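Single-structure report; data block below.
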Amino acid sequence: RAKERGKNTYYFLNKITDLTHLRHIEIESDLAKSIELNQLLLYFQPRVDTKSGKVLSAEALIRWQHPNWGLVSPSEFIPLAEETGFINEIGDWVISQVCQYLHDWKKEGKEVIPISINISAQRFLRHDWKAFICDIISKTKIDPAFIEFEITETYLIRHEEEIIEAIKYLKQLGIKVALDDFGTGFSSISQLAKFPVDTIKIDRSFIKKVTEQNGDEILAKGIIYIANSLNKNVVAEGVETVEQLNVLQQLECKEIQGFLFSKPVPVIEFVRILEKKFLKPKSAESSRPIINKRKYY
Ligand code: C2E
Ligand code: MG
Ligand code: MG
Ligand code: MG
């Protein structure tokens, strides 16, 4: 009997790995068609003022509606797209969408706020990126100050000169630039001063530690302190609890983004948030981290 059960377990485990394998293969082969098949969409997550809860801006976060696998998380397909180079097409698609939204909202008389876009620094290594951006701005007639590009440290070091040049060009256009997931990459704090970014987004792994009392909080708090001292707009990512919020207020971290105020939401819901203008922390869930019940947000 035990042997039989073992066999069954083996059978099921095999099925699971088959399925994971199938998913991987399908996702890999279908990604290239996701744009033309209209399967990509954007969610938005507000960034709020730490003191007042005022919605200051929002981050556009991509999702892929796959016919067999449902909503696929960017953490699953973005690394793949980075490898194949399809990330550049994705980036252009997101920029066009965001500019179009900003255009439409303004036309509808809505009070718009700046939107940040995750952009792979790879895009700046292709010759046509400046023309693409200038073209889209003039077509949609949006104010470039309503766009911020979030870049991660991945390519910064390897292509330092090109990226610094790109950031300077963007700033000339009036587009803001943020350093995303700060603290997780390889650039040191002294390096940071070289990149003329407007905003530093402190990675969620550090925000998790600010409320600890085992010494781990020292580095996390120090990073926020330094980012502040560099005169950057400092954003805390992944704020989930009121306790974290309290510490961040004490540290004078100006902006926060996280499930405590809002998960990333579809555009219809985001428009409602735009109209409300302020968000309150979800206090019922305050004392413990929010557990992902759904597969993901
Ligand atoms: P990111 O740019 O650092 O975005 C923040 C991620 O943290 C989002 O995951 C968001 O849902 C999640 N998050 C926000 N608040 C909380 C919180 O309180 N708790 C927890 N546990 N998570 C929180 P998402 O949407 O799954 O995106 C993952 C990553 O995929 C992004 O990290 C970004 O690096 C990449 N990504 C997303 N959209 C795009 C895109 O349009 N282009 C590119 N190139 N990358 C994208
Ligand atoms: Mg980001
Ligand atoms: Mg981030
Ligand atoms: Mg990230």
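The values are calculated or read from the model by the stated rules, or taken from the named source; none is laboratory data. This is a predicted model, so every value here is computed, not measured. Cβ coordinates were reconstructed from backbone atoms using ideal geometry, including for glycine residues, and neighbour counts include every protein chain displayed. Heads up: the accessible areas ignore ligands, DNA and RNA and are worked out on the full protein's heavy atoms, side chains in. Shrake-Rupley method; radii C 1.70, N 1.55, O 1.52, S 1.80 Å.
Residue-wise test of (1) surrounded by 15 or more Cβ atoms within 10 Å (Cβ to Cβ); (2) closer than 21 Å to LYS254 by Cα; (3) within 16 Å of ligand 2 (Cβ to nearest atom).
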residue: GLU148; (1), (2), (3): yes, yes, yes
residue: ILE151; (1), (2), (3): yes, yes, yes
residue: ALA166; (1), (2), (3): yes, no, no
residue: ILE175; (1), (2), (3): yes, yes, yes
residue: ILE202; (1), (2), (3): yes, yes, yes
residue: VAL210; (1), (2), (3): yes, yes, no
residue: GLY215; (1), (2), (3): no, no, no
residue: LEU219; (1), (2), (3): no, yes, no
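Pairs only if they're at least six apart or on different chains, beta carbon under 8 angstrom, first in the range 111-126 and among the hydrophobic types (A, V, I, L, M, F, W, C), second in a loop (DSSP other than H, G, I, E, B); list them, first residue then second.
Taking only residues 6 or more apart or on different chains, the pairs are ALA121/THR152; ALA121/LEU156; ALA121/HIS159; PHE124/HIS159; LEU125/HIS159.
Take the range 111-130 and flag every residue that is open to solvent by less than 50 Å² (accessible area, probe 1.4 Å) and farther than 18 Å from ILE90 by Cβ. Break it down stepwise before answering.
Residues of the range 111-130 open to solvent by less than 50 Å² (accessible area, probe 1.4 Å): 112-117, 119-124, 129.
Residues satisfying the conditions are VAL112, ILE113, PRO114.
For the range 221-230, give me each residue that is more than 22 Å from LEU156 (Cα to Cα) and open to solvent by 30 Å² or more (accessible area, probe 1.4 Å). If you could, list the steps in order and put the result at the bottom.
Narrowing the range 221-230 to residues more than 22 Å from LEU156 (Cα to Cα): 221-222, 225.
Within the range 221-230, LYS221, TYR225 meet the criteria.
Under 7 Å between Cβ atoms, which residue pairs at least 6 apart in sequence (or on different chains) link something in the range 26-41 that is open to solvent by 60 Å² or more (accessible area, probe 1.4 Å) with a partner that is assigned to a loop (DSSP other than H, G, I, E, B)?
Close Cβ pairs (under 7 Å, with a partner that is assigned to a loop (DSSP other than H, G, I, E, B)) amount to ALA32/PHE86.
Mind checking whether some residue in the range 121-130 is polar (S, T, N, Q), within 13 Å of ligand 1 (Cβ to nearest atom) and closer than 20 Å to ILE35 by Cα?
Residues of the range 121-130 polar (S, T, N, Q): 122.
Of the ones still in play, those that are also within 13 Å of ligand 1 (Cβ to nearest atom) are 122.
Remaining after also requiring closer than 20 Å to ILE35 by Cα: 122.
Looking for residues that are polar (S, T, N, Q), within 13 Å of ligand 1 (Cβ to nearest atom) and closer than 20 Å to ILE35 by Cα, one finds at least one in the range 121-130, hence yes.
Just to be sure, is ILE133 touching a helix residue (DSSP H, G or I) at 6+ places or on another chain (Cβ under 9 Å), among the hydrophobic types (A, V, I, L, M, F, W, C) and open to solvent by 60 Å² or more (accessible area, probe 1.4 Å)? Give the derivation first.
Numbers: touching a helix residue (DSSP H, G or I) at 6+ places or on another chain (Cβ under 9 Å): yes; among the hydrophobic types (A, V, I, L, M, F, W, C): yes; open to solvent by 60 Å² or more (accessible area, probe 1.4 Å): no.
Taking the combined requirement at face value, the residue does not satisfy it.
Given the options ILE290, ILE273, name the one that is on the phi < 0 side of the Ramachandran plot, out of contact with any helix residue (DSSP H, G or I) (no Cβ under 6 Å at 6 or more places or on another chain), at pLDDT below 95 and not charged (D, E, K, R).
Numbers: ILE273 fails: at pLDDT below 95.
Going through ILE290, ILE273 in turn, just one is on the phi < 0 side of the Ramachandran plot, out of contact with any helix residue (DSSP H, G or I) (no Cβ under 6 Å at 6 or more places or on another chain), at pLDDT below 95 and not charged (D, E, K, R): ILE290.
Could you check PHE182 against (1) of a type in the set (Phe, Trp, Tyr); (2) under 20 Å from VAL48 (Cα atoms); (3) more than 16 Å from ligand 2 (Cβ to nearest atom) and say which number it fails?
The single condition PHE182 does not satisfy is (3).
Quick one: in the range 231-245, which of the residues that are open to solvent by less than 50 Å² (accessible area, probe 1.4 Å) and out of contact with any strand residue (DSSP E or B) (no Cβ under 8 Å at 6 or more places or on another chain) is farthest from ILE151 (Cα to Cα)? Step through it out loud before you land on a result.
First pass over the range 231-245, keeping only residues open to solvent by less than 50 Å² (accessible area, probe 1.4 Å): 232-242, 244-245.
Next, only the ones that are out of contact with any strand residue (DSSP E or B) (no Cβ under 8 Å at 6 or more places or on another chain) stay: 240-242.
Numbers: GLU240: 23, THR241: 26, VAL242: 28 Å.
Going through the qualifying residues, I end up with VAL242.
Would you say ILE157 is part of a loop (DSSP other than H, G, I, E, B), of a type outside the set (Ser, Thr, Tyr) and away from ligand 3 (no atom under 16 Å from the Cβ)?
Numbers: part of a loop (DSSP other than H, G, I, E, B): yes; of a type outside the set (Ser, Thr, Tyr): yes; away from ligand 3 (no atom under 16 Å from the Cβ): yes.
Yes; evaluated as a whole, the condition is true for this residue.
What single numbered condition from (1) within 16 Å of ligand 4 (Cβ to nearest atom); (2) modelled with pLDDT of 95 or more fails to hold for THR152?
(2)
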